[in-house]
Amino acid sequence: MTSPVAQLHEGHRRKFHCSQLIADNRRNYSMGKQKTKKFAAMKRMISLKDQRLKEKDRAKAKEKKKKDPSQLKQREVTKHPSCLFFQYNTQLGPPYHILVDTNFINFSIKAKLDIVQSMMDCLYAKCIPCITDCVMAEIEKLGMKYRVALRIAKDPRFERLPCTHKGTYADDCLVQRVTQHKCYILATVDRDLKRRVRKIPGVPIMYISNHRYNIERMPDDYGAPRF
């Protein structure tokens with residue numbers, strides 16, 4: 001016959017064994033629950049009336065038309081003005097209207113050249129220097145150091161051309177004028193500006209070399225000096 005102490009130990013052992021089995025069953029059940037996959041589950045979607053969606057997102061995507069490879073491609077060719085005969089500009093002729101850049105005036109002062117007289121010595125004809133509002137504004141912004149250039153720009157022999165664009169950046173304005181009106185010669189020393197103007201057909205460029213004015217892309221029959 002077992003003693004009461006042995007019966008008590010046996011009861012505690014059985015109780016501990018039962019609690020361990022229950023814990024193992026719960027763990028297996030929870031792990032099995034995570035592994036099971038729900039079928040026919042709907043994804044959560046935003047309603048079309050939601051304020052976070054924009055109108056362009058609600059609109060249906062338009063179907064792209066497939067291009068026919070046999071169809072001829074349309075190309076837009078830039079139209080050149082009727083005054084050009086190949087590279088020959090028929091609108092150029094005395095008196096010459098010459099657009100003057102800011103650098104051209106400053107380098108003419110350094111080389112001690114009279115602008116109007118040197119232009120006439122270069123082209124052997126009457127020349128009218130033209131200065132735009134943006135070029136004048138650039139010279140005024142340079143300050144007192146370039147007051148001589150400002151005084152030359154205000155010479156009554158210079159023709160003043162009004163500008164309608166915003167700002168005082170002169171390069172874009174000069175390129176636009178030369179592109180629209182083929183009656184101008186551009187006088188500049190700026191390399192970037194000359195590179196841009198060379199792409200425009202029929203526009204001569206005046207520059208300074210060897211302490212005198214020279215011109216490029218000028219028709220031969222105008223008698224321009226060539227060096």
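The numbers here are math on the coordinates, done by the rules we state, and not lab data. Here the structure is a predicted model, which means the values were calculated and not measured. FYI the Cβ positions are ideal-geometry reconstructions off the backbone, even for glycines, and counts take in every protein chain you see.
In terms of other Cβ atoms within 10 Å, Glu138, Glu76, Glu159 run from fewest to most in the order Glu76, Glu159, Glu138.
Here the Karplus relation 6.51 cos²θ - 1.76 cosθ + 1.60, evaluated at θ = phi - 60°, turns the backbone of the range 44-50 into coupling constants of 6, 10, 7, 5, 5, 8, 5 Hz, with x for every Gly and Pro. Shown is the FRET efficiency for Leu142 and Gln176, computed with R0 = 22 Å from the Cβ-Cβ distance and rounded to the nearest 0.05: 0.45.
So which of Lys79/Lys182; Lys112/Lys199; Lys154/Lys182; Lys154/Lys194 end up more than 19 Å apart, counting from Cα to Cα?
Lys112/Lys199; Lys154/Lys182; Lys154/Lys194
Of Val148, Val116, the sequence from fewest to most neighbouring Cβ atoms within 10 angstrom is Val148, Val116. Which residue, Met144, His181, Gly167, has the largest displacement toward the positive end of the dipole of the range 95-216 when charges sit on each Cβ (Lys, Arg +1; Asp, Glu -1)? Going by the Cα projections, it comes out as Met144.
In this simple spin-label approximation, Glu216 and Thr164 carry label points 7 Å from Cα along the Cα→Cβ vector, and these lie 3.2 nm apart. Sequence-distant contacts, meaning Cα pairs under 8 Å at least 6 residues apart, place the relative contact order of the range 95-216 at 33 percent. Distance distribution P(r), the range 95-216, all Cα-Cα pairs, bin width 10 angstrom from 0: 13, 49, 34, 3 percent.
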